[in-house]
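Here, each number is a calculation from the coordinates, and none is a lab measurement. If you're wondering where the values come from, they're calculated on a predicted model, not measured in any experiment. Glycine gets a Cβ as well: all are built from the backbone with ideal geometry, and neighbour counts include every protein chain shown.
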Amino acid sequence: MGRNVVQVDPEKFPWLDIRRYTFSMAVEARGVVYISGQTAGEYDADAGRVVCKGGLVEQTRLIYEKLGVILEAAGLGFQNVVKTVDYLDPVALPHYRQTAAVRREYLRGPVASTGVCVQRLLRREALIEISAVAMTGDKQAVGSDNSDQSLTFAPAVGSGDIVWLSGLVGHEDVDGQSHYPQDTRRQLELGYQTVGSVLEAAGARPSDIVSSLEYVDPQAFLGYPGATRVRREFLGEVLPAASEVVVNRLLRPEGHVELEAVAVKGGERQQIVLPEWQAQYERANAVPGTKKGRMLHISGQSAVDHATGESVGGFDVAAQAEQAYRNVSQVLAAAGHTLDDVVNTIEWVAPNGLMGYREVQEVRRKLFGRDFPSATGVMAHRFLRPELLFQVMAVAIP
């Protein structure tokens, strides 16, 4: 791995044989710890396989037990957690509020958080998967006055020079009530205005954003491509890395797009561009990658040859994953780095790619050897181009 990147794998992890997987339980680099997505999976000797047992609250509590063991292996605790993402199976959505009690039991201090309803989870019987980020320094809540005691997260959390934003859905006040306009472009505008307000409270600016992620509700899919120009209007000409994924639905029923972002204060945002990709990325109002401070974020990569705009790999998900990771490698190389510097990946697979998804493990072994980054894998509802089966988002800390 890169000189700053350290794998964190607990010596004792009683639920699973972690040596079988193509990801590390966590990776630490320069004070930032990315923890792989965890389910309640544990090996059942009678069944002869890994299973997830119990209801949503029981599964959530077991996940937090696992997170505690991983944090301890990194020399940290729950007080160091700055960000969590809950990936929820649709059948568990009616009970999701009940997991707030588990968060209160384990988490210490403010945490930024996103909850999103994915098409389904990859682990059979899993109702929820949780990934997390921790940092070695102190942390502060941003944009929260703690008046709503029902919330178990802050709009953002700052630690050192990094600001981690929770998932935000654009809305406006109408007669004292929160109103979510049913025009996708307008809702996206309001969402980025909220992002701007949270950044201002953190002492940051839109030009400090290194990565934006837009979760798109299926109801907004047809109107979404025309709304992406909003990103450029808010962020300016020097764009950050950007990713989009269509999920099963947003937790907010009126929501069309949920925004998540990471910002790094101080210094200049460096765009990572490849001249032969320029035409494709200008049309998408995005750039292949962004480097600022200690972080390098790479926009979501799929099986597209950006020099031609053509998809690669047919309907073979492993072949598509190879092209997606080839793109990641090219962005890293343009920034002067390699796959050894990658600390985290999030892999999204389309429903019709699930049958072949296990073969992506061999792609990761070929690319990373045994020096695996942390990782999360979940199922998208679909991608913006119907022939695509796979997308990967990557973070490097050189």
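Give LYS66/LYS292; LYS83/LYS265; LYS83/LYS292 a once-over and call out the pairs whose C-alpha atoms are over 25 Å from each other. It would help to have the intermediate numbers written out before the result.
Details: LYS66/LYS292 31 Å; LYS83/LYS265 17 Å; LYS83/LYS292 19 Å.
Check vs 25 Å cut-off fails for LYS66/LYS292.
Using helices alone, what [θ] at 222 nm do you get for the chain, with -39,500 (n - 2.57) per DSSP H run of 4 or more residues, divided over all residues and rounded to the nearest 500?
Details: 7 runs with 83 residues, N = 398.
So the calculated ellipticity at 222 nm is -6500 deg cm²/dmol.
Go ahead and run the numbers for FRET between GLN270 and ARG205, Cβ-Cβ distance against an R0 of 22 Å, rounding to 0.05.
Values: r = 16 Å, r/R0 = 0.71.
Plugging the Cβ-Cβ distance into 1/(1 + (r/R0)^6) gives 0.90.
Would you work out which of LEU107, LEU188, THR228 lies farthest towards the positive end of the dipole of the chain? Charges go on Cβ: Lys and Arg +1, Asp and Glu -1.
LEU107
Highest mean first, how do 339-351, 43-55, 249-261, 164-176 rank when packing is the count of other Cβ atoms within 10 Å averaged over residues? Could you put the intermediate results ahead of the total?
Values: 339-351: 23.6, 43-55: 11.9, 249-261: 21.0, 164-176: 18.1.
Going from most to least packed, we get 339-351, 249-261, 164-176, 43-55.
Run the dipole for segment 1-81 about the Cα centre, Lys and Arg Cβ at +1, Asp and Glu Cβ at -1, nothing else charged, and hand back the magnitude in debye, nearest 20.
Working: 9 positive and 10 negative charges, 54 e Å.
With Lys and Arg at +1 and Asp and Glu at -1, about 260 debye.
Fully extended, how many nm does the chain gain between ASP46 and ARG370 (0.36 nm per residue separation, minus their Cα-Cα distance)? Show your work: numbers first, answer last.
Numbers: separation 324, 0.36 × 324 = 116.64 nm, distance 3.01 nm.
Extra length available between ASP46 and ARG370 comes to 113.6 nm.
Only four residue types carry charge here, +1 at the Cβ of Lys and Arg and -1 at the Cβ of Asp and Glu. Report the dipole size of the chain about the Cα centre in Debye, rounded to the nearest 20. Provide the component values of the computation, followed by the final result.
Numbers: 40 positive and 48 negative charges, 110 e Å.
In debye, rounded to 20, the chain gives about 520.
Any idea which of VAL157, LEU251, VAL51 is furthest toward the positive side of the dipole for segment 5-396, if Lys and Arg beta-carbons carry +1 and Asp and Glu beta-carbons -1?
Of the candidates, VAL51 comes out farthest on the positive side.
Can you sort LYS66, LYS366 by how many other beta carbons sit within 10 Å, fewest first? Each step should come with its number before you reach the end.
On the way: LYS66 23, LYS366 10.
In order of increasing Cβ crowding within 10 Å: LYS366, LYS66.
Roughly what % of DSSP beta bridges within the chain run antiparallel, to the nearest 5? Intermediate values should be presented prior to the final figure.
Numbers: 71 of 92 bridges.
In the chain, DSSP labels about 75 percent of beta bridges as antiparallel.
For LYS12, list the aspartates and glutamates whose Cα falls under 14 Å from its own Cα; do not include residues on the same chain fewer than 8 positions away.
LYS12 reaches GLU42, GLU65, GLU72.
Put +1 on the Cβ of each Lys and Arg and -1 on the Cβ of each Asp and Glu in segment 5-396; which of GLY293, THR22, VAL304 then has its Cα farthest toward the positive end of the dipole?
Projecting each Cα onto the dipole axis, the largest value belongs to THR22.
If you take log10 I(q)/I(0) by the Debye sum over Cα atoms at q = 0.06, 0.08, 0.09, 0.10 Å⁻¹ from the coordinates, which of [x] -0.25, -0.46, -0.58, -0.72; [y] -0.31, -0.49, -0.59, -0.70; [z] -0.21, -0.37, -0.48, -0.60 do you get?
Among [x] -0.25, -0.46, -0.58, -0.72; [y] -0.31, -0.49, -0.59, -0.70; [z] -0.21, -0.37, -0.48, -0.60, the one derived from this structure is [z].
Which value, in debye to the nearest 20, gives the size of the charge dipole of segment 199-354 about its Cα centre, when Lys and Arg are +1 and Asp and Glu are -1 at the Cβ? It would help to have the intermediate numbers written out before the result.
On the way: 13 positive and 20 negative charges, 83 e Å.
Value, rounded to 20: 400 debye.
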